[in-house]
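Below: one structure, written as structure tokens.
Read-outs: derived from the displayed coordinates by stated rules, not from any lab. Keep in mind that this is a model prediction, so the values were computed, not measured. Here the Cβ positions follow ideal geometry from the backbone for every residue, glycine too, while neighbour counts run over all protein chains shown.
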């Protein structure tokens, strides 16, 4: 099946001008970024939804798919929580209320960042005792997102209790600031576009409003507590316009968007108390973005993303392969995987090891699966570049008197390649140079996305081994149960659901192809499934009724029946 891709941004688009090569973006969008964690992705997403809701445009894309949105800075709140090293010392050193407030206000006004004329005196009017103020700050600091990280203070975030907690990542220089893309790197924008292009977007919006995170009318007591740390005149809470290019998601409709939205709805339907659903939303979003990365890579490798490069077209082509065997057969591990035969299935294969007391064959298979999937995106980039040699206009330029210039024009049209000086003797050499540049660029961020995010969400681990493999944590298993089990589900059906939805291979039925290839025997996968059953039972998520009957239970829905 050929998947329709939206047109690339035009040459007048700022996204184009800022991007030296349009390859990663063409496959996955602008952009997937490894340094932005799943939690920060959700925070960026919520900030977009909240400001768009204020404009009555939540999950409504403009006709040209050029999403633009304002954002909040909330510099007073951030200085108080994350740029306030003297709070505890002032409280301990000065005995009276007046001295404490006077010393702290002086220190804050002299040392805060990003505020032209700081004035924190409003806090003294809101807190009867300095200790009360201290306790509020301690509480919010203890619940901060990734609060123990060594990120700069302008890249730390309060837990999203409500609209007063949502703001963007900033770079601050003395009394000025600008938005930064290091930790709010557009993953949240892609997530917003994915939900916007799903059929469940309005249902998700309703649930987010009920949580009180994005709607002023549903403000919680915790959100009001955060508001007490910010000035009433909203001097630092007015949203400012975006000064960067809009994001780009290449596909208008994908099953991945629907599956992601459906799992969000499944989590909301569990009716978890307060904000307990948020960690599960973060985890399952991470799962789906990893799958999105892998499935789009496989689509490129199987030529399902562009009708010009269908399997039939490539078979009929008489063009010799651009990359000689000695170029591909590098000595490193990545290149060994680049020659692997493509899997005809569009579903990525993730073999999950349920950790055993001793090493098993499943661990090796899970490691191999991780390595193969970790190289999928690199292989997709190589293939995307290599396919340019299959274009009819490329064949024409090979015989042109100005072959290098003509080839460069084709490349600029396809991938926006920008380079002033070309030192190549043929179009083939030019394409090889571009392939190397594309791979170098890809390895910086998108190429590391799978490895970093699978570890962040508890899907991959190197515990007890020198190799990383797929090995789910208890927290991930609980999230999967909440997303897949409406009430109760027979254990084997649960294993099959995990395979159908996410490509997770755990038991012998899901591993039938692997067993037939004699890479492992049936008993190994049967034991792997048995270990999962024991893990779920220990977590209170499974009940065995007889030797032949075990049920996975969703604790938040079973109790209500």
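Assorted remarks:
- Förster radius 60 Å - calculated FRET efficiency between residue 5 and residue 89, Cβ distance, rounded to 0.05: 0.60
- Projected onto their three principal axes, the Cα atoms of the chain cover extents of 85, 72, 43 Å, largest first.
- Each pair of Cα atoms in the range 31-247 enters the Kirkwood radius, and Stokes-Einstein at 25 °C and 0.890 mPa s then converts it into a translational diffusion coefficient of 135 µm²/s.
- Note on residue 413/residue 181: beta-carbon distance plugged into 1/(1 + (r/R0)^6) with R0 of 30 Å gives a FRET efficiency of 0.65.
- Ordering 173, 437 by the number of other Cβ atoms within 10 Å of each residue's own Cβ, fewest first, gives 173, 437.
- This ranking places 270, 424, 549, 165 by how few other beta-carbon atoms lie within 10 Å of each, fewest first, which gives 549, 424, 270, 165.
- Additional length obtainable on full extension of the chain from residue 139 to residue 265, 0.36 nm per residue less Cα span: 42.3 nm
- Normalising the average separation of contacting C-alpha pairs (under 8 angstrom, six or more residues apart) by the number of residues puts the relative contact order of the chain at 19 percent.
- Reciprocal of mean inverse Cα separation for the range 261-301 (Kirkwood radius, Å): 11.3
- The simple spin-label model puts a point 7 Å past each Cα toward its Cβ; for residue 526 and residue 64 those points are separated by 6.3 nm.
- Size check on the range 111-196: the Cα extents along the three principal axes, sorted descending, read 46, 28, 26 Å.
- FRET efficiency, 1/(1 + (r/R0)^6) with R0 22 Å, evaluated for residue 121 and residue 173 via beta carbons: 0.30
- Counted by neighbouring Cβ atoms within 10 Å, the residues 288, 207 run from fewest to most as 207, 288.
- Relative contact order [Cα under 8 Å, 6+ residues apart], the range 31-247, whole percent: 37
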